[in-house]
Structures are given as C-alpha cells and as structure tokens.
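S.K.: Okay, here's the structure, questions in a sec.
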Amino acid sequence: MIREFEEHPLRGLNSFHADEKARRLVVFDAAEDLDHIFAPESGLGKFYVLGGGNNILFTGYFDGALLKPDIRGIHVLAEDDEAVTVEAGAAVEWDDLVAWSVERGLWGAENLSLIPGTVGAAPVQNIGAYGAEAKDVITRVHLFDTERREHGVLTAEECRFAYRDSIFKHELRGRAVITSVEFRFGKRPAPDLGYGDLQRETEARGGASLRNIREAVCAIRRGKLPDTAVLGNAGSFFKNPVVGRAEAERLAARYEGMPVYPAPDPECRKLAAGWLIDRAGMKGYRKGRAGVHDRQALVLVNFGGATGEEIMELAREVQLRVCDAFGVAIEPEVNIL
Ligand code: EPU
C-alpha cells in the first residue's frame, strides 16, 4: 500500500528534530510498490529515501518526494549447524533486529546494540560500533534500482563496504532504494570485546554471554550518547578522519595521549574526531540553540528549536577550530539535505 502526504512536517521524522517540511512524503509497505512509485507516468521527480531519519540534517524545505519504506518483518531463510540466515525488512528498527538475534542466541550483531536507525539504512553507511560493523553480518541487500526500474540483489562484496561507506554512497547514491537486507548470524560464541571499556563492562555483568555484551554496549552508549527523544541529535556528526601515517606520527608526538587507529590503507591512520574537537576546546560549546554534546564531542545537539542551518553553522565552526588547532579536516558523517 502507498500512502501520500503533501507539505508534510518533518520534525517527527528526523532525530535532529529540525522543523522543516517536504513537498511530498510517500510511505510504502511492499517492494513492489516501487514499480508504481517510479512508473514513468508518475512523474516523481526529485526524491530522497528516508530511513529512521537518524543520520540526516534537513537544512531547509525539501522540494521533492521523501520516500519512506514501511516494509517490516524478520524471517528465517536458512539454518545449519553453524549459522542462521535471516531477511529483515528495511523499516525494521535496527535495535529490534539486534534484540531478536540476541534472544535466539545468535552472534554477530550484539556489539551494534542500540544504534538508532532502520535495517534499510544500515548498509548505506555500514553502521559500526565497538569494533563491529554491519558488513560483518550482512550477506545480501535487496534493492530497487530507480534508473533501470528493476528489483535486484547485491552481495556483501558488491556493496563495497568500508568504514562508514558503501556503494550506496557512491555509484548507487540517489539511485537505489533498499527494501530488505539478509544477515548471517553465527551459532557459536564469538565475543569481540577488544574495544574500549567493553571487556570491563561485560565482565562486571558476569562474563561474555550475548546478553551481557548487549547490556554492556547499551550501558556504555547510554552513558555517552544523548537520547534523541530528549535532545535532538544524529549520533556522530563527523567521521573519524583518515590521515597519512607521517602526519599521524607528527601529531601523536606533539599531543600526548592522542588516539591513533589503524586504517585499511597501511600508509594511513584514523584519528578520533571526538578527541580532536574536545582538545580544540569545543566540547560542551553552545551556539544559540545548537551545541557540541558535553559527554561526546563528536555529537552535535539541538537544544530545542534550532534550524538545520543553525546546526550547520555550528558544524562549520567546529571544522574550522579543529583545522586551526591540528591542521586536520573533519567531514560530516551525517547526510546534509
Ligand atoms: N574522545 C575524547 N573526547 C570526546 C570524545 C571522544 O577525548 O568528547 C576520545 C575517547 O576518549 C577515545 C576516542 O576519542 O579515546 C574515541 O572515542 P570513542 O571510543 O567514544 O569513539 P568515537 O571514535 O568517538 C566511534 C563511532 C561511534 C561509536 C563509537 C564506539 C564514528 C564516527 N563514531 O566514535 O559511532 O559508537 O566509535 O565504537 O566512527 C555513530 O556513528 O553515530 C556513533 C555513535
């Protein structure tokens, strides 16, 4: 079924609570609906696919159609001694899928607990946390190719996943509508507690069971990240920057305790944008109705009533300050519309 709304307010459809409007909102609950929505005679024009609205900043009126998948359900496709393969609809809440897997004793998504957003959005930026990424459990992505007007499936390899990146941010940007995603969850215990406080928090709960890991991740996230229901935000606003190895070494020698992580390219290193913003003196900084979160500098927040443009102004100021202080450019992770 397709439901259409004109001049639709977006405040409740984005976690930043930006108070903008879209010319049209089109909600659909089956992949086949896309054949009608994109039929040549429909004259759809400019469109954007909206998931949970957790990784987006609307900076003004959206003069086009926002497409919102409402495809739900988690179905087991196959099972063997090692693993279970499931397909989840694009509109399933990501954390509902994680809870579903943990309740059934299935491994692979527990470190990704409590990440806000939908299943359909997860492959786009290859969501990640605590050493895990969605690509570790995704096997196939079902989509509608809006240029060819046909349904298709991509394997995980074809999705070209990387840190907060995939084909959906490049060749298929503005072209693919993800309708469902297939995952493979393992049956054998495979705890991955290497990141930050996770080991300690898990042990404090009695050891590395699926439930304990999930609870530990949830507790760490709740401690650092603002609740979007209370304070508008989109999680990490910036990506952790990747710089050349020599540049990272120069900075690390100058700034004691600066986190430096490996990057896929051995000649590069990843830095912690949150640390850079913090040390640039911007943590807790407030600019009108927008600000830098006081417990995690990577997160920009809307204290209430801030427009998308006000948040962008703050973001630009943060970028400038980090660049002045360290000579490092940080880029938004959030999609700016
Ligand atoms: N740090 C500071 N000050 C801050 C924030 C961080 O000094 O205000 C330092 C921390 O002490 C740590 C380092 O920076 O040494 C990294 O911080 P943290 O472990 O909190 O992780 P992050 O790099 O800031 C990334 C993801 C998060 C994810 C965490 C945990 C990105 C852009 N962000 O943040 O993802 O939850 O790791 O894995 O990669 C999101 O994408 O929305 C998100 C929240």
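The values are calculated or read from the model by the stated rules, or taken from the named source; none is laboratory data. Everything numeric here is computed off the predicted structure, so don't read it as measured data. We place every Cβ from the backbone using ideal geometry, glycine too, and count neighbours over all the protein chains shown. When the accessible area is computed, the model is the full protein with side chains, heavy atoms only, and any ligands, DNA or RNA have been set aside. Shrake-Rupley method; radii C 1.70, N 1.55, O 1.52, S 1.80 Å.
S.K.: Limited to the range 281-337, what total is found for residues that are of a type in the set (Lys, Arg) and more than 16 Å from the ligand (Cβ to nearest atom)?
M.R.: Total meeting the criteria: 3.
S.K.: Hey, Glu313 hits all of (1) touching a helix residue (DSSP H, G or I) at 6+ places or on another chain (Cβ under 9 Å); (2) closer than 26 Å to Gly52 by Cα but one; which does it fall short on?
M.R.: (1)
S.K.: Return the residues of the range 87-100 that are closer than 20 Å to Arg211 by Cα and in a strand (DSSP E or B); say none if nothing qualifies.
M.R.: We begin by selecting, within the range 87-100, every residue closer than 20 Å to Arg211 by Cα; these are 93-100.
If the condition is that a residue be closer than 20 Å to Arg211 by Cα and in a strand (DSSP E or B), then Glu93 is the only one that fits.
S.K.: Out of all the residues in the range 218-236, which are part of a loop (DSSP other than H, G, I, E, B), within 13 Å of the ligand (Cβ to nearest atom) and in contact with a strand residue (DSSP E or B) (Cβ under 6 Å, 6 or more places away or on another chain)?
M.R.: Pro226
S.K.: Within the set of pairs 6 or more residues apart or between chains, which connect a residue that is modelled with pLDDT under 95 inside the range 260-283 to a residue that is among the acidic types (Asp, Glu) and surrounded by fewer than 19 Cβ atoms within 10 Å (Cβ to Cβ) with Cβ atoms less than 6 Å apart?
M.R.: Filtered contacts from the range 260-283: no entries.
Yes/no per residue for (1) under 26 Å from Gly232 (Cα atoms); (2) not aromatic (Phe, Trp, Tyr):
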{"position": "Arg24", "(1), (2)": "yes, yes"}
{"position": "Glu41", "(1), (2)": "no, yes"}
{"position": "Asn55", "(1), (2)": "yes, yes"}
{"position": "Phe58", "(1), (2)": "yes, no"}
{"position": "Tyr61", "(1), (2)": "yes, no"}
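S.K.: A further question on this structure: Just checking, does the range 39-46 include any residue being without any contact (Cβ under 8 Å) to a residue 40 or more places away in the chain and under 29 Å from Phe183 (Cβ atoms)?
M.R.: For the range 39-46, residues without any contact (Cβ under 8 Å) to a residue 40 or more places away in the chain and under 29 Å from Phe183 (Cβ atoms): absent.
S.K.: Name the residues in the range 166-178 that are surrounded by 20 or more Cβ atoms within 10 Å (Cβ to Cβ) and closer than 12 Å to Thr146 by Cα, would you?
M.R.: Leu172, Ala176, Val177, Ile178
S.K.: Here is a further query. Applying the selection to the range 284-337, what residues are surrounded by fewer than 19 Cβ atoms within 10 Å (Cβ to Cβ), closer than 22 Å to Asn14 by Cβ and among the small types (Gly, Ala, Ser)?
M.R.: If the condition is that a residue be surrounded by fewer than 19 Cβ atoms within 10 Å (Cβ to Cβ), closer than 22 Å to Asn14 by Cβ and among the small types (Gly, Ala, Ser), then Gly288, Gly304, Gly305 are the ones that fit.
S.K.: In the range 237-268, which residue that is within 28 Å of Arg222 (Cα to Cα) and assigned to a strand (DSSP E or B) is nearest to the ligand (Cβ to nearest atom)?
M.R.: Result: Phe238.
S.K.: Further question: Can you pull out every residue in the range 106-165 that is in contact with a Ser or Thr (Cβ under 7 Å, 6 or more places away or on another chain), within 16 Å of the ligand (Cβ to nearest atom) and open to solvent by 30 Å² or more (accessible area, probe 1.4 Å)?
M.R.: The answer is Pro116, Val124.
S.K.: Let me ask something additional. Can you name every residue in the range 203-217 that is in a helix (DSSP H, G or I), among the hydrophobic types (A, V, I, L, M, F, W, C) and without any contact (Cβ under 8 Å) to a residue 24 or more places away in the chain?
M.R.: Result: Ala216, single match.
S.K.: Can you go through Gly186, Gly232, Gly207 and tell me which one is under 17 Å from the mean Cα position of the chain (by Cα) and either on the phi > 0 side of the Ramachandran plot or open to solvent by less than 30 Å² (accessible area, probe 1.4 Å) (or both)?
M.R.: Details: Gly186 fails: under 17 Å from the mean Cα position of the chain (by Cα); Gly207 fails: under 17 Å from the mean Cα position of the chain (by Cα).
Gly232 is the lone residue from the list that is under 17 Å from the mean Cα position of the chain (by Cα) and either on the phi > 0 side of the Ramachandran plot or open to solvent by less than 30 Å² (accessible area, probe 1.4 Å) (or both).
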